[in-house]
Every structure is written in structure tokens, then in C-alpha cells.
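Colleague: First the structure, then my questions, so here it is.
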Amino acid sequence: MAGDGGCVMDARRARKHDHSGHEVGTSSPQQAEELGSAGHFRALTLFAEAPDTVRAARDTVRAWLETWGLVDLCDDVRLVVSELVSNVVQHAVPDSCLTLPGASRRVEVTVTTWPGLLCIGVGDEDSTPPDLPVGECVSPALAGDLPEALLPDQGRGLLITQRLADSVWWSPKEPGGKTVWARFDIDNTT
Ligand SMILES: Nc1ncnc2c1ncn2[C@@H]1O[C@H](COP(=O)(O)OP(=O)(O)OP(=O)(O)O)[C@@H](O)[C@H]1O
Ligand SMILES: [Mg+2]
């Protein structure tokens, strides 16, 4: 919700997966990592102006998930990473306090896991909140056999993200910018 410091949208889905163990992997030059006591953390800094930023983000995150044995989550997480990073590329305008002449716009991608959940964060330098959809855009009763015909041509990315993730929200960063978050619950009880 704009201006209130964040918005949480609960979505759906629990997933089955073993989610234990520690990881210390290799890293590319712009890739940082830490060892958690019961999960994983990886961070990647990209630049919005690079031609392969979106692909690099989703492929890197997929490699992390594969390393951790979270292959069941790969497809959904890759799509969410693609949408969130695409949004930074397309929409983020750095705050004036962060703007340097000629500088590229930074995209900070993080993946954190704890037992039972995985959290994607995509940070940028724009304090403008994302326009998170509220409620259903399309009535299933109206959609009939052609639901896509009633969907808008734009504004689908966060809708898709909300459908795939269990929760989507954003938080402000200091001294400026924000992070958009997507949480995936992992059901490892069965
Ligand atoms: N990182 C961001 N920074 C600033 N504004 C954003 C950001 N992400 C989303 N928004 C705003 O939220 C709106 C909705 O985003 P969403 O991804 O759903 O749709 P879209 O990017 O406009 O279109 P599509 O994803 O279908 O190509 C955007 O149009 C933009 O105004
Ligand atoms: Mg989008």
C-alpha cells in the first residue's frame, strides 16, 4: 500500500520439500554469500542497464536453488525473479539522493531460506512503491473459456508474482529505494 511502509498480500500454496543443511558455495565477483545456522543466504548485485540482467538474475537464482536441492521451486521462483527484476529495469527511477551522474541503476537480488520457507528480495534505488494488485482483477465467472482475454495487457507481473508466491510485500530502504519481497512456503512435513 503506497506510503504506509509496506503491503502484504497472502497468496496460496504450500510445497513439499526437504529443506535442511548448510551451504558455502562458490561466488561470482558480484555475488556475496553468508552461512546461516539453519538455511542459506545469497546476494547478487546487477545493473539495470546491462542487456542480460533479467536472465542473469533468474539463472543465478536457479543455480542456487539447485545447489540447495530446491528444484521443485525453481520454475516458480525463476518467473518471480524475472518479473521483479524486469520491474526494476522498466520502472525504477533512482531517488535524487542516490543519483550519481552516469551511474548505472543497481538491482540487489537476495535469496534467503529458513526451515520451511524461502524469501526472494529484489531491491532498487527508487522509493516509489510497487503497485501491488489488490483483490481479483478478473471475475472467473465472467472469464469463461478465455480468461486471458479479460486480463490487461500490462500490469500482469505482480499479479503473477502474487499467484505464485505465498506472500508479496515491499519495504523501504535507507537512505532510499525499496525492496520487493516474495515468500515461498515450503511444506516439509510430508
Ligand atoms: N521496482 C519498481 N519500482 C517502481 N515501480 C514499480 C516497481 N515494480 C512495479 N512498479 C509499479 O507497479 C506497476 C505494476 O507492476 P507490474 O509488474 O504488475 O506491471 P507492469 O510492469 O506495468 O507490466 P507487466 O509486468 O505486465 O509487463 C508498474 O506499472 C509500476 O508502476
Ligand atoms: Mg512488470
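The values are calculated or read from the model by the stated rules, or taken from the named source; none is laboratory data. All values reported here derive from a predicted model rather than from experimental measurement. Reconstructed Cβ throughout: ideal geometry from the backbone, glycine too, with neighbour counts over all protein chains shown.
Colleague: Tell me, which residue of the range 68-92 that is over 19 Å from Trp169 (Cα atoms) and part of a loop (DSSP other than H, G, I, E, B) is nearest to ligand 1 (Cβ to nearest atom)?
Modeller: Leu70
Colleague: Return the residues of the range 50-94 that are surrounded by fewer than 18 Cβ atoms within 10 Å (Cβ to Cβ) and in contact with an Asp or Glu (Cβ under 6 Å, 6 or more places away or on another chain); say none if nothing qualifies.
Modeller: Residue satisfying the conditions is Val93 alone.
Colleague: List the number of the failed condition for Cys97; all other conditions in (1) in contact (Cβ under 8 Å) with a residue 60 or more places away in the chain; (2) surrounded by fewer than 18 Cβ atoms within 10 Å (Cβ to Cβ); (3) more than 23 Å from Gly176 (Cα to Cα) hold.
Modeller: Among (1) in contact (Cβ under 8 Å) with a residue 60 or more places away in the chain; (2) surrounded by fewer than 18 Cβ atoms within 10 Å (Cβ to Cβ); (3) more than 23 Å from Gly176 (Cα to Cα), Cys97 violates only (3).
Colleague: Regarding Ala32, is this residue assigned to a strand (DSSP E or B), of a type in the set (A, V, I, L, M, F, W, C) and at pLDDT below 95?
Modeller: Working: assigned to a strand (DSSP E or B): yes; of a type in the set (A, V, I, L, M, F, W, C): yes; at pLDDT below 95: yes.
In short, yes.
Colleague: Can you list residue pairs whose Cβ atoms sit under 8 Å apart, with the first residue in the range 146-160 being at positive phi and the second being within 6 Å of ligand 1 (Cβ to nearest atom) and at pLDDT 70 or above? Count only pairs 6 or more apart in sequence or on different chains.
Modeller: What qualifies is Gly155/Asp131.
Colleague: From Leu132, Leu118, which residue is within 14 Å of the chain's Cα centre (by Cα) and not in a loop (DSSP other than H, G, I, E, B)? Don't jump to the end; show me each part of the working.
Modeller: On the way: Leu132 fails: not in a loop (DSSP other than H, G, I, E, B).
Leu118 is the lone residue from the list that is within 14 Å of the chain's Cα centre (by Cα) and not in a loop (DSSP other than H, G, I, E, B).
Colleague: Kindly evaluate Ser104 against the criterion of being touching a residue at least 40 places away in the same chain (Cβ under 8 Å) and surrounded by fewer than 17 Cβ atoms within 10 Å (Cβ to Cβ).
Modeller: Details: touching a residue at least 40 places away in the same chain (Cβ under 8 Å): yes; surrounded by fewer than 17 Cβ atoms within 10 Å (Cβ to Cβ): yes.
Considered against the rule, which asks whether it is touching a residue at least 40 places away in the same chain (Cβ under 8 Å) and surrounded by fewer than 17 Cβ atoms within 10 Å (Cβ to Cβ), Ser104 comes out as yes.
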